[in-house]
């Protein structure tokens with residue numbers, strides 16, 4: 001392999017691809033067969049050692065960061081929601097009547113993503129690109145809505161014990177797979193301009209409350225947080241009771257807003273007061 005086949009480099013030294021290729025043609029001896037002789041960065045067994053966890057964490061943070069930057073994505077709209085919520089045409093496959101009734105939010109999520117992507121296309125898919133967990137249900141609806149608008153969308157998948165694959169609507173070049181939940185969660189918020197939370201389970205609650213906590217404590221600038229389906233959210237979480245108990249402040253109730261339709265959500269994002277600002281103190285402390 002010659003130097004001419006490589007992208008121009010900022011230094012004159014041999015690059016890692018050249019040496020990895022050369023190492024494949026090393027004479028077969030007892031020494032070259034030994035694990036110690038393998039190049040460290042291409043030695044899978046070495047890379048999976050417990051002691052290398054800090055390196056794997058760094059790589060998992062860096063790979064999507066570099067690839068999204070190279071794609072030109074500056075900001076995102078995060079869309080969370082239940083993986084078990086079917087599209088309306090398939091609501092008879094839902095495991096419960098409640099899930100079947102929630103299928104309407106599949107279409108709401110799809111339309112919301114479509115409308116946001118139409119706006120994103122106007123700036124060359126750089127701003128407010130839809131990002132989901134890349135799975136089925138509401139996540140699929142988000143990626144599907146972006147595809148409906150002829151745009152791109154991001155999928156941040158994670159390896160689960162059961163066999164799975166990303167939904168078919170994620171833009172292939174923006175479909176990532178994670179081992180570490182913590183790093184995946186960082187990528188959800190590092191470029192976030194807004195968060196849309198649809199009815200969901202533990203995963204949706206986890207992401208929602210982590211984002212609320214980061215904004216509440218001033219660790220993250222304020223972004224619009226939209227809860228689709230007020231009846232659902234009020235049934236499972238008594239936000240006012242938290243404020244009455246003093247475990248959160250009354251001002252914290254203004255960190256999110258209930259919406260029902262895609263159009264209402266788009267308007268809320270465009271008119272949100274305080275977006276981009278960071279708290280300097282925690283109310284009620």
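FYI, it's all coordinate maths here, none of it is from the lab. These numbers come from a predicted model, not from an experiment. Virtual Cβ from ideal backbone geometry, glycine too; neighbours counted across all protein chains shown.
Of all residues in segment 89-103, which are in a helix (DSSP H, G or I) and surrounded by fewer than 14 Cβ atoms within 10 Å (Cβ to Cβ)?
Matches in segment 89-103: 89, 90, 92, 93, 97, 98.
Just one of (1) surrounded by 14 or more Cβ atoms within 10 Å (Cβ to Cβ); (2) out of contact with any helix residue (DSSP H, G or I) (no Cβ under 6 Å at 6 or more places or on another chain); (3) closer than 30 Å to residue 141 by Cα; (4) in contact (Cβ under 8 Å) with a residue 60 or more places away in the chain trips up residue 261, so point out which.
(1)
Give 230, 251, 244 a once-over and let me know the one that is out of contact with any helix residue (DSSP H, G or I) (no Cβ under 7 Å at 6 or more places or on another chain) and surrounded by 13 or more Cβ atoms within 10 Å (Cβ to Cβ). If you could, list the steps in order and put the result at the bottom.
Values: 230 fails: surrounded by 13 or more Cβ atoms within 10 Å (Cβ to Cβ); 244 fails: surrounded by 13 or more Cβ atoms within 10 Å (Cβ to Cβ).
Answer to the selection: 251.
Can you name the residue in segment 234-259 that is out of contact with any strand residue (DSSP E or B) (no Cβ under 7 Å at 6 or more places or on another chain) and in a loop (DSSP other than H, G, I, E, B) and, of all such residues, is farthest from residue 196 (Cα to Cα)?
246
Regarding segment 60-81, can at least one residue be identified that is in contact (Cβ under 8 Å) with a residue 60 or more places away in the chain, out of contact with any helix residue (DSSP H, G or I) (no Cβ under 9 Å at 6 or more places or on another chain) and over 22 Å from residue 211 (Cβ atoms)?
Looking through segment 60-81, at least one residue is in contact (Cβ under 8 Å) with a residue 60 or more places away in the chain, out of contact with any helix residue (DSSP H, G or I) (no Cβ under 9 Å at 6 or more places or on another chain) and over 22 Å from residue 211 (Cβ atoms).
With respect to residue 212, is the statement that it is under 20 Å from residue 130 (Cα atoms), surrounded by 14 or more Cβ atoms within 10 Å (Cβ to Cβ) and touching a strand residue (DSSP E or B) at 6+ places or on another chain (Cβ under 6 Å) true?
No; evaluated as a whole, the condition is false for this residue.
Looking at residue 157, is it within 14 Å of the chain's Cα centre (by Cα), part of a strand (DSSP E or B) and without any contact (Cβ under 8 Å) to a residue 24 or more places away in the chain? First the steps, then the outcome.
Working: within 14 Å of the chain's Cα centre (by Cα): yes; part of a strand (DSSP E or B): yes; without any contact (Cβ under 8 Å) to a residue 24 or more places away in the chain: no.
Spelling it out, it is not the case that residue 157 is within 14 Å of the chain's Cα centre (by Cα), part of a strand (DSSP E or B) and without any contact (Cβ under 8 Å) to a residue 24 or more places away in the chain.
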